[in-house]
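What follows is a short report on a single structure.
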Amino acid sequence: MSITKLMGPKAAFVATVLAVSAVLWAGFPVMAAAATQGEPQSVTIRLDFIIGGKHAPWFVALEKGFYAKRGLAATIQASTGSADTVRAIAAGIADVGFADIGTAVVARSRGTPILSVAQLGYVPVTILWREDTPIKTLKDLEGKSWAISPGQAQWFLMPAFARINQIDFKSIKIYETSPPLQPAALVAKKADFITMFRASNDEVAERAATKQRIKLNRVYMREHNFDIYGSTLVVKEEDVKRRPEMIRAYVEGTMEGLRYARDHQEEALKILLKHKPELDRELARLQLKNAVEEVFIPPESLASGFGYMRPDIMEKTVRITNEFFDVARKVSVEEVHTNQFIKR
C-alpha cells in the first residue's frame, strides 16, 4: 500500500514539503559559503605607458597571487600615456590604473571623476645635459636649447621648476621634437638639455650617450625644491563607494608586489620578462632597480604605509598643477585624492 493511502492526501503533502525543506536546509551551509567566497572579480589594470622595467611590481603581484588572494582576476594593459589611462578608466574600458598625478588632476578639473588612491614617489623628472657644455649650474640653463614636445608633462613642469629655482624660463630656447627622439637630439648636439623620467627614458638617454662615449650630467627636480608627487594609482570616484573592496584589493596587492619586487629584484625581472620577453633585459633591469630603489618608495611610504600621500605634499602638488598646467578650473586637494585604502 502506498504512503499516500496510509497517511491521507493532506498528511502526505505536509510530509513532502518537510522533506524538500530538509534537503534545502541541508544544502544551505554550502550555498552560503559559496556566496561568501564568490568568484574572482575580473579587473583590468591600465598602466601609464608602454611596458618597461618599472612596471615589474604589477606583474609580480599578478604572478605571485597578490591580486588573486584578494579576490581579483587581474589583466594588465599597456597604455599610450597617462591621459589615455585616465580616459580609459573614466569610460569603463579599464577599472583601475597607474598614471601621472598632474594628468589626473587636470582631468578632474575638466569633469572626469578620477581619484588618486596611492602615490608612487615624487616627480621623477631629471634634467640631463652633456658634460662638455657650458652648463655647470641650474642658472646656466638660461639661454640654452631644450628638446621637448608640447603636451608632455615636462612641458608644464619645467616653467614651475624654473620659477621656484629663479631660472629665467623665457630665455630657454625650445627645440621641438618627439619624446623618443629627444635623447638622440641631446647626443647629436641639436639640443643643450633634455628632461627625462627616471626609471623610464632617463636610462635610455644614458645608454645612447654611453654608446657615443658622451658623459651626461644629471639633476633631479625633486632635489631642488620640487618635491611634488609624480605618479599615483588612479580609480573612478564612484568605485570608491560602489566597489571599495575592489579598490582596496588593487592598492594592497600592488603595494605587496612593490615590496616583493624591491626585495627580490632578479626574480621580479624574470617574472616581467616572462610576460614581456621582447624587452631589453639589461635596460629593464636598470629601470626596475631605479624604480624600487629611487622613485617609488619615498620616506612617507616607509613611515606611514606604502602609498600614503602626505597632506602638505599633496597640497603643493595640486597648487603647482592648478597654476602651471592646463586646468579648466582650480581643484581642491580634497577632491583629487584619498588615503582610505592605505594599509599602515
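Quick notes on this structure:
- Taken along the Cα-to-beta-carbon direction at a fixed 7 Å, the label points for Ser42 and Ala328 span 3.1 nm.
- Sites matching GluC sites (Glu not before Pro) across the stretch 292-343 that sit in DSSP coil, with at most 14 neighbouring C-beta atoms within 10 Å: Glu334, Glu335
- Taking a sphere under 12 Å around the Cβ of Ile93 and counting the other residues whose Cβ falls inside, with K and R at +1 and D and E at -1, yields a net charge of +1.
- Test item: Cα-centred dipole of the stretch 125-223, Lys/Arg +1 and Asp/Glu -1 on Cβ, debye: 160
- Prolate/oblate/rounded call for the stretch 32-98, Cα gyration tensor, a/c under 1.5 rounded: oblate
- Cα-Cα over 31 Å, subset of Lys215/Lys289; Lys289/Lys316; Lys136/Lys274; Lys139/Lys270: Lys136/Lys274; Lys139/Lys270
- Here the simple spin-label model places points 7 Å from the Cα toward Cβ, and for His264 and Asp140 these points are separated by 4.6 nm.
- From phi via Karplus (6.51, -1.76, 1.60), per-residue ³J(HN,Hα) for the stretch 131-142 in Hz, x at Gly/Pro: 5, 7, 8, x, 6, 10, 10, 4, 4, 6, 5, 4
- Taking N as its residue count, the alpha carbon Rg of the stretch 229-344 over 2.2 N^0.38 Å: 1.23
- Extent along principal axes [Cα atoms of the stretch 202-282; Å; largest to smallest]: 55, 38, 22
- Annotation: extensible slack from Arg163 through His275 equals 36.0 nm (criterion: 0.36 nm per residue apart, minus Cα-Cα distance).
- Inter-site label distance for Ile313 and Ser171 at 7 Å from Cα along Cβ, in nm: 3.3
- Taking max minus min of the alpha-carbon positions on each principal axis, the chain gives extents of 111, 43, 35 Å, largest first.
- Considering only Phe98, Leu302, Pro124, and ranking their Cα positions along the charge dipole of the chain that arises from unit charges at the beta-carbon of Lys, Arg, Asp and Glu, the one farthest toward the positive end is Phe98.
- Net charge of neighbours whose Cβ lies under 13 Å from the Cβ of Glu131, counting Lys and Arg as +1 and Asp and Glu as -1: +2
- Per-selection Kirkwood Rh - the stretch 125-223 (Cα, Å, 1 d.p.): 13.2
A short reminder: the numbers here are calculations on the coordinates, not readings from a lab. Keep in mind that this is a model prediction, so the values were computed, not measured. Using ideal geometry, Cβ is built from the backbone for each residue, glycine included, and neighbour counts are taken over all protein chains shown.
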